[in-house]
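*Asks:* Right, I'll just put the structure down here and ask away after.
No lab work stands behind these numbers, since they all come straight from the coordinates. Remember, predicted model here, so these are calculated numbers, not experimental data. Here the Cβ positions follow ideal geometry from the backbone for every residue, glycine too, while neighbour counts run over all protein chains shown.
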């Protein structure tokens with residue numbers, strides 16, 4: 001049997017993976033969760049038929065959403081991740097000398113699925129520095145404060161994640177952050193969703209003193225040219241030279257490129273400054 | 001009717017575009033040439049069902065294969081492009097103060113198709129500085145010399161382009177180059193074809209004093225993380241500060257990132273240094 005898993009990256013573009021085996025598929029309270037073994041990209045975690053990660057390229061996303069803010073800050077002790085139930089972002093955060101890493105994932109079944117099917121991704125979730133909260137991230141940041149870094153490791157801005165892409169939410173995150181706090185959100189691709197990126201940039205700019213985009217190549221995400229938007233209270237990521245050297249091995253993040261990540265191609269600069 | 005054009009990026013991964021209209025499809029002496037109007041990526045040129053360019057993202061490839069070598073060199077007068085019958089690379093080269101740009105495209109019908117269906121890409125082909133040769137690039141470089149830059153703007157290393165990915169060919173290109181000459185080839189993605197990239201790197205290294213990879217994100221190419229391999233006779237692209245400023249507008253290339261383009265993520269460095 002010839003079996004393919006296809007993601008509609010948009011209504012008009014599909015990425016399809018030849019399937020070795022469908023390992024798991026279940027409707028949770030919030031979404032469909034599927035685990036698929038593919039030929040080219042290893043094991044795939046899909047939520048509502050959207051690729052969250054593949055074991056082939058997840059290192060790019062997880063390293064870049066974690067190391068860029070943590071090494072920009074240079075002295076993060078308490079870190080909060082909203083979303084990211086697979087554990088990949090937590091795994092990377094734990095490579096830094098943090099004291100506490102909190103994970104707020106609305107769907108407990110994502111965490112359970114990752115623990116069972118993605119041990120190389122979820123491996124940090126049982127670390128004693130990690131505390132997991134299965135609740136709504138929007139409500140959580142209203143009640144919990146004192147973080148150095150907040151990372152929004154969300155799904156796309158449809159369904160349960162819509163509220164994570166709003167000015168109100170960024171205001172609450174601002175208040176949940178310490179004096180030199182930094183937030184980062186995954187913010188989709190300028191190739192296909194320029195309007196969204198501009199809106200997020202404007203919203204975050206109205207809350208934070210410094211707002212900067214950086215990018216990374218994620219082959220299995222729509223458009224592949226992926227952005228992260230960083231809001232910072234006091235540290236300017238462009239001029240600030242962090243004193244902390246990564247003392248761990250990375251596969252995508254390169255310390256020599258730290259400042260370059262924030263230098264955008266003109267077409268992206270045009271989108272946010274229009 | 002729901003119409004899709006799918007490229008098998010590998011045997012096991014497909015990228016599919018919803019089709020507005022198939023504008024042209026014809027078997028030339030060398031390959032099938034098709035022009036498709038898509039919903040998300042504008043007009044697509046496909047050779048043997050492989051995407052050569054889309055009007056949405058072609059600027060990345062054409063800027064990066066041209067501006068990086070030309071601005072590294074800083075004083076190029078005669079430039080040769082092998083392949084690239086669509087004219088996109090020539091269009092970018094002509095933004096520099098070159099005296100002559102030669103295009104060697106084996107398939108005249110690619111040029112004709114681009115002239116008819118991709119005026120924004122082929123627009124430079126009628127410039128008086130351009131000379132077009134419809135012949136085999138491998139034979140051409142054996143007989144024609146005196147170039148400052150040679151750009152290998154080829155299809156994938158299957159079919160007619162195989163010979164353009166060989167040490168013998170790089171030796172002939174070396175001899176066709178002037179004293180400070182530089183060659184660049186498009187060299188696929190390390191996400192899926194690490195072995196190929198390593199072989200090309202080794203082959204080019206055995207011919208040129210300096211061999212360096214650089215990369216760019218091309219959403220519609222397999223793996224999206226695309227590499228170019230540059231062989232240079234005397235100019236070290238890492239330490240050399242070119243004095244020439246781009247006096248033209250770009251969409252992807254950013255002069256501030258010129259040196260950063262050559263700094264690779266560790267996973268790519270590992271592939272070529274294994």
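*Asks:* Going by alpha carbons, how many degrees (0 to 90, nearest 10) lie between the helix axis of B:58-73 and the longest principal axis of chain B?
*Replies:* So the helix axis and the longest Cα principal axis differ by about 10 degrees.
*Asks:* By how many nm would the segment from residue A:126 to residue A:233 grow when fully extended, if each residue of separation counts as 0.36 nm and the alpha-carbon distance is taken off? Each step should come with its number before you reach the end.
*Replies:* Values: separation 107, 0.36 × 107 = 38.52 nm, distance 3.11 nm.
That works out to 35.4 nm of additional length.
*Asks:* In whole Å, what are the extents of chain A along the principal axes defined by its C-alpha atoms, from largest to smallest?
*Replies:* Between the extreme Cα coordinates on each principal axis of chain A lie 57, 44, 35 Å.
*Asks:* Hey, another quick one. Quick one: helix A:167-176 against the long Cα principal axis of chain A, what's the angle to the nearest 10°, folded into 0 to 90?
*Replies:* It works out to around 60 degrees.
*Asks:* Give the average, rounded to an integer, of partner chain Cβ atoms located within 10 angstrom of each Cβ in A:216-223. Show your work: numbers first, answer last.
*Replies:* Values: counts 3, 12, 3, 12, 4, 2, 2, 7.
Shielding by partners across A:216-223 averages 6.
*Asks:* Between residue A:24 and residue B:27, with labels modelled 7 Å along Cα→Cβ, what's the label distance in nm to one decimal, could you check?
*Replies:* Using points 7 Å along Cα→Cβ, the separation is 4.9 nm.
*Asks:* While we're here: Inter-copy label distances at residue A:175, 7 Å along the Cα→beta-carbon direction, one decimal in nm, shortest first?
*Replies:* 7.5
*Asks:* Would you calculate the separation in nanometres between label points at residue A:108 and residue B:180, each defined as 7 Å from the Cα along the Cα-to-beta-carbon direction?
*Replies:* For the pair residue A:108/residue B:180, the computed spacing is 6.8 nm.
*Asks:* Between the alpha-carbon centers of the stretch B:38-102 and the stretch B:175-246, tell me the distance in whole angstrom.
*Replies:* 15 Å
*Asks:* Between the label point of residue B:195 and that of the same position in each other copy, find the distances and list them shortest first in nm, with every label point placed 7 Å from Cα along the Cα-to-C-beta direction.
*Replies:* Here residue B:195 shows inter-copy label distances of 4.6 nm.
*Asks:* Convex hull volume of the Cα atoms in the stretch B:1-51, per residue, in Å³? The partial results should precede the final answer.
*Replies:* On the way: hull volume 4.0 nm³, N = 51.
Cα convex hull per residue, to the nearest whole number: 79 Å³.
*Asks:* With a Förster radius of 30 Å, plug the Cβ-Cβ distance of residue A:162 and residue A:6 into 1/(1 + (r/R0)^6) and report the FRET value to the nearest 0.05. Walk me through the numbers before you get to the answer.
*Replies:* Details: r = 24 Å, r/R0 = 0.81.
That pair, residue A:162 with residue A:6, gives E of 0.80.
*Asks:* Taking beta carbons within 10 Å but only from partner chains, what does the mean come to for residues B:180-187? Please list the in-between numbers first.
*Replies:* Working: counts 0, 0, 0, 0, 0, 0, 0, 0.
Going residue by residue through B:180-187 and averaging, the value is 0.
*Asks:* What FRET efficiency would be calculated for the residue pair residue B:171, residue B:195, taking the C-beta separation as r and a Förster radius of 25 Å, to the nearest 0.05?
*Replies:* Numbers: r = 22 Å, r/R0 = 0.87.
E between residue B:171 and residue B:195, to the nearest 0.05, is 0.70.
*Asks:* Report the Stokes-Einstein translational diffusion coefficient (µm² s⁻¹, integer) for the protein assembly as shown, Rh taken as the Kirkwood radius over Cα pairs, at 4 °C with viscosity 1.567 mPa s. Numbers along the way, then the final one.
*Replies:* Values: Rh = 24.4 Å.
In µm²/s, the coefficient is 53.
*Asks:* Suppose you put the label 7 Å out from Cα in the Cβ direction; list, shortest first and in nm with one decimal, how far residue A:22 is from each other copy's label.
*Replies:* 3.0
*Asks:* Here's a follow-up. How do A:4-16, A:189-201 rank on mean C-beta neighbours within 10 Å, highest first? Walk me through the intermediate numbers first.
*Replies:* Details: A:4-16: 16.8, A:189-201: 19.6.
Top of the packing list down: A:189-201, A:4-16.
*Asks:* Also, quick follow-up: Suppose we keep just the DSSP beta bridges with both residues in the protein assembly as shown; what percent of those would be antiparallel, to 5?
*Replies:* Here the antiparallel bridges make up roughly 65 percent for the protein assembly as shown.
*Asks:* Which whole number gives the average, over all residues in B:253-259, of C-beta atoms from other chains lying within 10 Å of the residue C-beta?
*Replies:* 3
*Asks:* Express in nm, to one decimal, how much length is gained between residue A:248 and residue A:206 on full extension, taking 0.36 nm for each residue of separation and deducting their alpha carbon distance. The partial results should precede the final answer.
*Replies:* Details: separation 42, 0.36 × 42 = 15.12 nm, distance 3.52 nm.
Fully extending the segment from residue A:248 to residue A:206 adds 11.6 nm.
*Asks:* Still on this structure: What's the angle, to the nearest 10 degrees (0 to 90), between helix B:108-117's Cα axis and the longest principal axis of chain B?
*Replies:* Approximately 70 degrees, to the nearest ten.
*Asks:* Ok, one more. Do you know the relative contact order of chain B, to the nearest whole percent, from alpha carbon pairs under 8 angstrom that are 6+ apart?
*Replies:* Working: 564 pairs, mean separation 43.8, N = 274.
Once normalised by length, the contact order is 16 percent.
*Asks:* Same structure again: So what's the stretch A:156-274 giving for Cα Rg divided by 2.2 N^0.38 Å, two decimals?
*Replies:* Working: Rg = 14.5 Å, N = 119, 2.2 N^0.38 = 13.5 Å.
So the stretch A:156-274 has a normalised radius of gyration of 1.07.
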